[in-house]
Amino acid sequence: MHSDIMKSGAERAPQRSLLYAAGFTEEEIHKPLIGVISAQSEIIPGHMHLNRLAEAVKAGIYAAGGTPVVVPAIGVCDGLVMGHKGMHYSLASRELIADSVETLAAAHCFDGMVLIPNCDKIVPGMVMAAVRLNIPAIVCSGGPMYAGNVNGKNVSLSQMFEAVGAFKSGKISEEELKTWECESCPSCGSCAGMFTANSMNCLCEALGIALPGNGTIPAPASARIHLAKHSGMKIMDLVNKEIRPRDIITEKALRNAITVDMALGCSTNSSLHIPAIACEAGIKLNLKVFNEISEKTPNLCHLAPAGEHYMEELDAAGGVSAVMKELADEKLLCTKVLTVTGKTLEENISSSVNRNPEVIRRIQNAYLNTGGLAFLFGNIAKNGCVVKRSAVAPEMLIHTCTARVFDGEDDAVKAIYGGKIKRGDIIVIRYEGPKGGPGMREMLVPTSALAGMQLDKDVALLTDGRFSGASRGASIGHVSPEAAAGGEIGLLEDGDLIDIDMVHYRINARVTEEMFKERRKKQKMPESWVKGGWLKRYQKLVSSADEGAVLK
């Protein structure tokens with residue numbers, strides 16, 4: 001056992017004395033030590049119940065002959081930090097989480113790990129650490145929140161943000177806004193649509209690093225407890241068979257994850273996290289691979305915010321396994337890959353059934369013949385940018401718009417709420433990238449403000465920052481190179497015409513290279529507001545969005 005380095009032999013008697021002091025018995029000390037990495041906290045609704053899952057995981061580990069060791073992980077609630085400086089810490093926290101999991105597991109010589117995340121950056125951060133450490137590991141997430149219900153209609157956090165825009169424009173009353181406030185988020189769990197947290201929890205199934213049901217079983221359901229117990233049992237099987245994350249997360253598994261991403265219509269943030277996970281495995285993923293896979297992968301699901309279905313409906317329809325079965329039947333997945341069940345993906349999904357062909361469309365009846373995400377390239381995004389194409393109105397897929405340029409999200413939001421944005425505009429928000437932000441803030445406030453004001457089919461957004469998985473409309477993010485790194489988005493001016501073609505993956509400003517050169521001579525970069533703290537270190541070390549915003 002790897003943990004014998006810390007606990008076996010006469011010279012390790014002092015360490016054993018400390019384990020006794022921590023309450024471990026001699027019998028427990030001599031068994032494999034399994035880290036149960038729990039991101040439980042009382043500030044994140046998606047994490048408030050994780051102690052209950054940790055106890056279930058522990059029971060499973062004990063039942064299978066191991067010794068569980070619960071240790072913590074941090075997390076940021078993207079919803080709570082949306083629209084203020086707290087959001088600068090969200091994406092950046094992914095690296096802290098990966099580093100802290102590595103620290104706890106490597107320093108204490110764990111033989112294996114069960115990772116219990118739920119929301120946004122916590123999931124990829126933990127998976128990155130698992131791949132980096134390459135000790136047996138399995139993800140057991142906290143599960144999605146139930147959909148809320150306002151005026152007899154299912155809703156989630158994205159409509160809550162949009163309700164603010166409706167209130168600001170006089171479309172609903174303060175009393176109606178209060179109803180939205182109290183009814184939109186009814187339970188523990190990650191927010192109910194196919195936002196970033198649920199996207200990554202579903203993609204953990206596609207990667208093979210989590211058991212079936214990880215992405216879709218509702219957080220309050222007893223089946224989530226069963227999943228946790230089975231995850232605890234299964235980690236012991238992985239330890240005994242020495243099955244490690246890099247045996248599972250291979251290039252073929254990553255391509256499977258991108259394929260499922262396209263079929264589900266996942267958050268644009270997956271295009272940051274999948275390359276970051278690949279980087280830890282020593283695999284280079286070019287963003288053009290996403291377009292290549294998108295071209296042949298039909299979009300089978302329209303979950304909120306793109307459509308009217310919610311995560312519990314996807315679960316009832318057969319979950320991610322049923323989606324993968326639809327894809328596998330058309331030979332769109334590599335099914336021979338290994339998973340944490342100890343079986344191949346083909347074996348895992350062989351008995352899966354699509355119980356609701358409206359929630360999970362058949363290939364022949366797909367919402368789109370291409371995937372949910374599209375990566376655009378052109379003279380203002382030479383290294384690419386991303387849009388959730390499945391959430392864009394058809395009339396916005398190919399169009400020309402007029403730039404309204406803002407150096408930061410806050411001024412853009414003021415202009416939207418102030419009625420200064422008109423139909424046919426594209427709001428350009430720059431200096432919000434990994435370095436420029438720093439931390440690449442999510443921008444659910446401007447996108448939901450436009451939706452609430454019923455402008456989302458007439459106004460586009462373009463940013464070197466990123467958008468929440470809850471955003472919808474023509475929201476184009478991750479522009480690379482970013483403005484703070486000299487990208488051409490920093491040279492755009494009010495009135496520039498921008499041609500967008502999401503069908504053919506193009507985005508170009510009607511600005512010549514000579515004009516860009518002249519503008520660069522006069523360009524003045526805004527001074528960073530960050531003067532110290534770890535965000536300053538992050539700003540110096542972080543790579544661009546097209547590389548996954550990993551630290552170099």
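Label zone of Arg506 (point 7 Å out along Cα→Cβ, amide N under 11 Å): in the range 353-396 this covers 377-379. Here the translational diffusion coefficient of the range 4-135 follows from Stokes-Einstein with Rh set to the Kirkwood radius across Cα pairs; for 20 °C and 1.002 mPa s it amounts to 136 µm²/s. Per-residue surface analysis assigns Met160 an accessible area of about 30 Å², computed on protein heavy atoms at 1.4 Å probe radius. When the solvent-accessible area of the chain is split by element, carbon and sulfur atoms take up 52 percent of it, the probe being 1.4 Å. The alpha carbon gyration tensor of the range 368-432 gives principal lengths a ≥ b ≥ c with a/c of 1.5 or higher and a/b greater than b/c, which makes the shape prolate.
Its Kirkwood hydrodynamic radius, worked out from the mean inverse distance over all distinct Cα pairs, puts the range 309-433 at 18.3 Å. Solvent-accessible surface (1.4 Å probe) assigned to His30 amounts to roughly 110 Å². Here the scattering of the range 186-279 is modelled by Debye summation over its C-alpha atoms, one equal scatterer each and no solvent; at q = 0.10, 0.11, 0.16, 0.17 Å⁻¹ the log10 of I(q)/I(0) is -0.29, -0.35, -0.72, -0.80. Model label points for His84 and Ser169, set 7 angstrom from Cα along the Cα-to-Cβ axis, are 2.6 nm apart.
Considering only the Cα atoms of the range 400-462, their convex hull presents on average a projected area of 3.8 nm². With contacts taken as Cα pairs under 8 Å and at least 6 residues apart, the range 295-389 reaches a relative contact order of 37 percent. Of the peptides 149-155, 543-549, the ranking by mean beta-carbon count within 10 Å, highest at the top, reads 543-549, 149-155. The ellipsoid equivalent to the alpha-carbon distribution of the chain has semi-axes of 39, 25, 22 angstrom, derived from the gyration tensor eigenvalues as √(5λ) and listed largest first. Computed over neighbours whose Cβ is under 15 Å from that of His226, the net charge equals +3, Lys and Arg +1, Asp and Glu -1.
Only DSSP H runs of four or more residues enter the estimate; each adds -39500 (n - 2.57), and after division by the residues of the chain the mean residue ellipticity at 222 nm equals -11500 deg cm²/dmol.
Taking amide H positions as modeled 1.01 Å from N, with prolines and chain starts lacking one, the residues under 5 Å from Val428 and 5 or more places away or on another chain are Arg404, Val405, Phe406, Leu462. Solvent-accessible area per residue in the range 379-529 equals 36 Å², computed with a 1.4 angstrom probe and all protein chains kept. Evaluating 6.51 cos²θ - 1.76 cosθ + 1.60 at θ = phi - 60° for every residue in the range 535-541, the Karplus couplings come out as 4, 5, 5, 4, 4, 6, 9 Hz, glycine and proline recorded as x. Whole-percent P(r), the range 299-371, all Cα pairs, 10 Å bins from 0: 21, 49, 27, 3.
Suppose accessible area is computed on protein heavy atoms with a 1.4 Å probe; arrange Cys401, Cys77 from highest to lowest.
Cys77, Cys401
Ranked by the mean number of other Cβ atoms within 10 Å of their residues, highest first, the peptides 100-106, 33-39 fall in the order 33-39, 100-106. A simple spin-label model places the labels of Glu513 and Met525 2.3 nm from each other, with each point 7 Å out along Cα-to-Cβ. Diffusion coefficient of the range 84-205 by Stokes-Einstein, Kirkwood radius over Cα pairs, 37 °C, 0.692 mPa s: 201 µm²/s.
The distance between label points at Lys296 and Lys252 comes to 1.5 nm (points 7 Å beyond Cα on the Cα→Cβ vector).
Computed on protein heavy atoms with a 1.4 Å probe, the accessible areas place Leu133, Leu303, Leu497 in the order Leu497, Leu133, Leu303, largest first. A 1.4 Å probe over all protein chains sorts His84, His478, His504 by accessible area into His504, His84, His478, starting with the largest. On the basis of the beta-carbon distance and an R0 of 45 Å, Lys536 and Asn240 show a calculated FRET efficiency of 0.50.
Estimated at 0.36 nm per residue, the fully extended path between Tyr20 and Ala316 surpasses their Cα-Cα distance by 102.0 nm.
Globularity index of the range 441-552 is 1.19 (Cα radius of gyration / 2.2 N^0.38 Å, N = number of residues).
Protein heavy-atom accessible surface, 1.4 Å probe, per residue over the range 1-144: 35 Å².
The values are calculated or read from the model by the stated rules, or taken from the named source; none is laboratory data. If you're wondering where the values come from, they're calculated on a predicted model, not measured in any experiment. Quick reminder, even Gly has a Cβ in these numbers, built from the backbone with ideal geometry, and neighbours come from all protein chains shown. Note: accessible area is taken over every heavy atom of the protein model, side chains too, but ligands, DNA and RNA are not part of it. Shrake-Rupley method; radii C 1.70, N 1.55, O 1.52, S 1.80 Å.
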